[in-house]
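Heads up, the thing below is written out as structure tokens.
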Amino acid sequence: MRHSRAFSLIELVIVVVILGIIGAIAIPRLSRGAEGAKDSALITDVTALRNAIDLYVTEHEGVKPTVGAIANELTQYTNKAGGVSATKTATHIYGPYLRAVPPLPVGANRGNTGIAALDGAGVGWIYDATALTIVANASESDATGKAYNTY
């Protein structure tokens, strides 16, 4: 008698069903993990921006970055009055505080790096020079219902 060493059709169907069940469980969990990563990236980026602004204000003895030039003031060398230079000079000795403005990782404006006082084209971050605050330019909320612009 000959013995067959192949799988039967029933055995193959059972394996495919089991793999389908495992996939149905795993894929939604992985999707939520990606959203959590975006939330964590937002927290990290907004913290880095706030720390850079705080350091700027400290080194410039209370002078705040201006709304119109904040990106340059944080990513280039500055003098005591806040004037910007791409290279370090005898008077431009402060900074840079960031290598680049981080792109917004969440929401409809995701990928934008602009900093402004109000929403607009290319604006990823909203900066209030009076209150010295910076928030995400995103009206959406995370999975827990917390608005991104309140992080």
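Where does the chain land at 222 nm, in deg cm²/dmol rounded to the nearest 500, when only DSSP H runs of n ≥ 4 count, each adding -39500 (n - 2.57), divided by all residues?
On the way: 2 runs with 57 residues, N = 151.
Estimated from H runs of four or more residues: -13500 deg cm²/dmol.
Name the residues whose placed amide hydrogens come within less than 5 Å of the amide hydrogen of Ser141, ignoring near sequence neighbours (fewer than 5 apart) on the same chain.
Answer set, sorted by chain and number: Tyr148.
Quote the relative contact order of region 85-151 in percent (integer), defining contacts as alpha-carbon pairs under 8 Å separated by 6+ residues. List each step's numbers first, then the result.
Numbers: 95 pairs, mean separation 13.1, N = 67.
The normalised contact order for region 85-151 reaches 19 percent.
Read phi for every residue in region 118-132 and hand back ³J(HN,Hα) as whole Hz from Karplus 6.51 cos²θ - 1.76 cosθ + 1.60, θ = phi - 60°, with x for Gly and Pro.
Rounded to whole hertz, the list is 9, 4, x, 5, x, 8, x, 9, 9, 10, 10, 5, 5, 7, 6.
If the only charges are +1 at each Lys and Arg Cβ and -1 at each Asp and Glu Cβ, what is the size of the charge dipole of region 11-150 around the Cα centre, to the nearest 20 debye? Please list the in-between numbers first.
Details: 10 positive and 12 negative charges, 40 e Å.
Dipole about the Cα centre, nearest 20: 200 debye.
Please identify, among Thr58, Thr78, Thr66, the residue showing maximal mean-square fluctuation in a Gaussian network model of the chain using a 10 angstrom Cα cutoff.
Thr58
For the chain, what does the relative contact order come out to in percent, with C-alpha contacts under 8 Å and a separation of six or more?
Numbers: 207 pairs, mean separation 24.6, N = 151.
Reported as a whole number, the value is 16 percent.
Taking Cα atoms, how many degrees apart are the long axis of helix 9-59 and the longest axis of the chain, rounded to 10 and kept between 0 and 90?
Relative to the chain, helix 9-59 is tipped by roughly 10 degrees.
Find the percent of Cα-Cα distances in the chain that exceed 20 Å, and round it to a whole number.
Details: 6757 of 11325 pairs.
The calculated P(r) of the chain puts 60 percent of pairs beyond 20 Å.
Have a look at Thr75, Gly36, Leu104 and report the one farthest towards the positive end of the charge dipole of region 11-150, computed about the Cα centre with Cβ charges (Lys/Arg +1, Asp/Glu -1).
Thr75
Every number in this text was worked out from the coordinates using simple rules, so none of it is lab data. Worth saying up front: this structure is predicted, and the values here are computed from it rather than measured. Cβ coordinates were reconstructed from backbone atoms using ideal geometry, including for glycine residues, and neighbour counts include every protein chain displayed.
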